[in-house]
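**Q** I am attaching a structure below and will ask some questions about it afterwards.
The values are calculated or read from the model by the stated rules, or taken from the named source; none is laboratory data. Source: prediction; values computed, not measured. Glycine also receives a Cβ, built like all others from the backbone with ideal geometry; neighbour counts cover every protein chain displayed. The area values use the complete protein model at the heavy-atom level, side chains included, leaving out ligands, DNA and RNA. Shrake-Rupley method; radii C 1.70, N 1.55, O 1.52, S 1.80 Å.
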Amino acid sequence: MPQTHLHWHHHPVQQSQRAAMKGQRAFVLWFTGLSGSGKSSIAGAVECLLAERGRHTYLLDGDNVRYGLCADLGFSRADRTENIRRVGEVASLMVDAGLIVLAAFISPERAQRKNVRQRLPAGQFIEVFVDVPLPVCESRDVKGLYQKARAGLIIDFTGVHSGYEAPENPEIVIRNHQIDIDAAAAQVLDYLQREGYLDRSDI
Ligand SMILES: Nc1ncnc2c1ncn2[C@@H]1O[C@H](COP(=O)(O)OS(=O)(=O)O)[C@@H](OP(=O)(O)O)[C@H]1O
Ligand SMILES: Nc1ncnc2c1ncn2[C@@H]1O[C@H](COP(=O)(O)OP(=O)(O)O)[C@@H](O)[C@H]1O
């Protein structure tokens, strides 16, 4: 039952102070794309590059959060929306704690991703579209899920029975069938450097 008699407590230590103590700016890199497009691989490679630069990060991965935080959710439209809402809330809390968050979720609907963007301060949500054609994702099929979906053993599989809405205005587009994982991670780092996300000067 939603609570109605609630009051927000404003606490003295703010995000800017928490991030400054870590010597960084806080933001979310939100990787969206089909299963097998390379979201987890690129997010992991970017996290390594950030760790090498001494940045404090956390990677939220679709498969992993479904073992715990979202273990009660499946892949219906309503469950995916709740999955992204919860993960968006967690990402928002982590950014408030001063972290750089990498989130790798199919997040198939524009509205789901927009809701997360709106939960974060302006400029702290960076949408990364991992743009790989379905046939390429299907040919990779590391987990054998496309094969199972085509055989009718998995229902609601994204790209097979369930839709994916490509971002209209993502900050970064990675054509991850034309470059390797290191080049994809470097593309993200270049963006962060160019746009000042890795600056320490004015924090
Ligand atoms: N029906 C169906 N459709 C899509 N994906 C499926 C499905 N069933 C299981 N899986 C596995 O779950 C991973 C996607 O979970 P997400 O939390 O990212 O999905 S969503 O954002 O809620 O749509 C996805 O991981 P990735 O391949 O890394 O994307 C799959 O391993
Ligand atoms: N740029 C790339 N070139 C070739 N293979 C890739 C590339 N990026 C990812 N892969 C491979 O594609 C498969 C799916 O990658 P993964 O990161 O698990 O995707 P997702 O998290 O989107 O499901 C893995 O076997 C991975 O090694």
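**Q** I'd like the full set of residues that are away from ligand 1 (no atom under 14 Å from the Cβ) and either aliphatic (A, V, I, L, M) or open to solvent by 50 Å² or more (accessible area, probe 1.4 Å) (or both), limited to the range 116-127. Working first, answer last.
**A** Taking the range 116-127 and keeping what is away from ligand 1 (no atom under 14 Å from the Cβ), we get 117-126.
Selection gives R117, Q118, R119, L120, P121, A122, I126.
**Q** Moving on. Which pairs turn up if I take residues in the range 164-188 that are open to solvent by 80 Å² or more (accessible area, probe 1.4 Å) and look for partners that are among the β-branched types (V, I, T) and not in a loop (DSSP other than H, G, I, E, B) with beta carbon separation below 8 Å, at least 6 apart in sequence or on another chain?
**A** The qualifying pairs do not exist here.
**Q** List, please: which pairs have Cβ atoms under 6 Å, are six or more places apart or on different chains, and start with a residue in the range 57-81 that is under 18 Å from A91 (Cα atoms) and end with one that is open to solvent by 30 Å² or more (accessible area, probe 1.4 Å) and within 15 Å of ligand 2 (Cβ to nearest atom)?
**A** Listed by first residue and then by second, the contacts come to T57/E47; L59/E47; D61/S40.
**Q** A follow-up question, please. Give the residues of the range 116-174 that are part of a helix (DSSP H, G or I) and closer than 16 Å to I84 by Cα, sorted by residue number.
**A** Initial filter on the range 116-174 (part of a helix (DSSP H, G or I)): 116-119, 134-140, 145-150.
If the condition is that a residue be part of a helix (DSSP H, G or I) and closer than 16 Å to I84 by Cα, then V116, R117, Q118, R119 are the ones that fit.
**Q** Same structure, new question: I need the full set of residues from the range 86-115 which are open to solvent by 20 Å² or more (accessible area, probe 1.4 Å) and part of a loop (DSSP other than H, G, I, E, B), in order please.
**A** Within the range 86-115, A97, L99, I106, E109 meet the criteria.
**Q** Any residue that is in contact (Cβ under 8 Å) with a residue 40 or more places away in the chain, closer than 25 Å to A78 by Cβ and more than 16 Å from ligand 2 (Cβ to nearest atom) - is there at least one of those in the range 122-130?
**A** Yes, some residue in the range 122-130 is in contact (Cβ under 8 Å) with a residue 40 or more places away in the chain, closer than 25 Å to A78 by Cβ and more than 16 Å from ligand 2 (Cβ to nearest atom).
**Q** Considering each residue of the range 44-85, count those that are more than 10 Å from ligand 1 (Cβ to nearest atom), open to solvent by less than 50 Å² (accessible area, probe 1.4 Å) and under 30 Å from A20 (Cβ atoms), and give that number.
**A** Total meeting the criteria: 10.
**Q** Out of the range 166-185, which residues are under 17 Å from the mean Cα position of the chain (by Cα) and farther than 12 Å from V130 by Cα?
**A** Residues of the range 166-185 under 17 Å from the mean Cα position of the chain (by Cα): 166-176, 181, 184-185.
Once the filter is applied, which keeps residues that are under 17 Å from the mean Cα position of the chain (by Cα) and farther than 12 Å from V130 by Cα, the range 166-185 yields E168, N169.
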